[in-house]
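Participant: Dropping the structure in here first, questions after.
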Amino acid sequence: MLPRVILHIGVSLDGRIDWSCGDIGLYYELAAHWPADAMLSGSNTMLAAYRMNGGNPDEDEGPLEAPEKVPGDQRQLLVVVDSRGRGRQWNFWRRQPYWRDVMVLCSRATPQTYLDYLRQKRVEFIVAGDDHVDLRAALEELNARYEVKVIRVDSGGVLNGVLLRAGLVDEVSVIVHPCLTGGTTLRSMFVAPDLTSAEGVIPLKLAHVENVRGDTVWLRYEVVK
């Protein structure tokens, strides 16, 4: 069974996710609306967040830090898509207070040395797909193995695009900030190959609209399937 997948993202009025004029506190305040069992992100997003926190991804993390297991821990599971084996900051993310532990989604193309590294770090992982992570199979495994019923996606446009094109998203939550960014690079909330026909357009049904703070608007849409 697939878990319910919710995209939650903040954008400028023109749909850009870079140089946001938004309030990060408001983003996570609204994210708490869903009792999600896991947060899903991509390796690019996690590496960028690590750098923003002053970390150097090229440095060795040091000795293994075993995760502390707390019975009845209700915090979310952090799930990272990392088919290329780029993430090596698991001690850092385990120290954060937001998640009970970390999990990595890999493919059969993921280097064996990286899978061995994850075992050494006691980081659990799921292998699904050949060249890239088969997200449908991986999400089904998360549900079956860890009883993950609701996932909130906190990532960039590429992972959002893969999930949307695969028909795996149930709800789209967009915080629209009162600003315009512009630009020609693909830094939008939905990055995917151009459509060749209208059949690939994803219809949405408005479920909620709210003026949440100042001139910021929160829109929530159900994906019509």
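The values are calculated or read from the model by the stated rules, or taken from the named source; none is laboratory data. Worth saying up front: this structure is predicted, and the values here are computed from it rather than measured. Ideal geometry is used to build each Cβ from the backbone, glycine not excepted, and the neighbour counts take in all protein chains shown.
Participant: May I ask you to verify whether Ser155 is more than 20 Å from Leu30 (Cα to Cα) and of a type in the set (Ser, Thr, Tyr)?
Facilitator: No; evaluated as a whole, the condition is false for this residue.
Participant: Which ones in the stretch 183-225 are modelled with pLDDT under 90, surrounded by 12 or more Cβ atoms within 10 Å (Cβ to Cβ) and hydroxyl-bearing (Ser, Thr, Tyr)?
Facilitator: The answer is Ser188, and nothing else.
Participant: Taking the stretch 65-107 as the search range and keeping residues that are in contact with a Ser or Thr (Cβ under 9 Å, 6 or more places away or on another chain) and basic (Lys, Arg), which one is farthest from Arg136 (Cα to Cα)?
Facilitator: Within the stretch 65-107, the match that is farthest from Arg136 (Cα to Cα) is Arg86.
Participant: Let me ask you something else. When you scan the stretch 124-145, do you find a residue that is closer than 20 Å to Met46 by Cα, touching a Cys at 6+ places or on another chain (Cβ under 9 Å) and modelled with pLDDT under 95, even just one?
Facilitator: Scanning the stretch 124-145 turns up no residue that is closer than 20 Å to Met46 by Cα, touching a Cys at 6+ places or on another chain (Cβ under 9 Å) and modelled with pLDDT under 95.
Participant: In this structure, does Gly25 turn out to be within 15 Å of Trp218 (Cβ to Cβ) and not polar (S, T, N, Q)?
Facilitator: So Gly25 fits the description; yes.
Participant: So, Arg220, is that one of a type outside the set (S, T, N, Q) and touching a Leu at 6+ places or on another chain (Cβ under 6 Å) or not?
Facilitator: Judged against the criteria, Arg220 is not a match.
Participant: Next question, about the same structure. With a cut-off of at least 1 residues that are closer than 26 Å to Ile175 by Cβ, name the helices (runs of 4 or more DSSP H) lying wholly within the stretch 67-159.
Facilitator: Numbers: elements: 90-95, 112-120, 135-146.
By residue number, 90-95, 135-146.
Participant: Also: If you go through the stretch 87-113, how many residues are exposed (fewer than 13 other Cβ atoms within 10 Å of the Cβ) and either without any contact (Cβ under 8 Å) to a residue 12 or more places away in the chain or more than 15 Å from the chain's Cα centre (by Cα) (or both)?
Facilitator: 6
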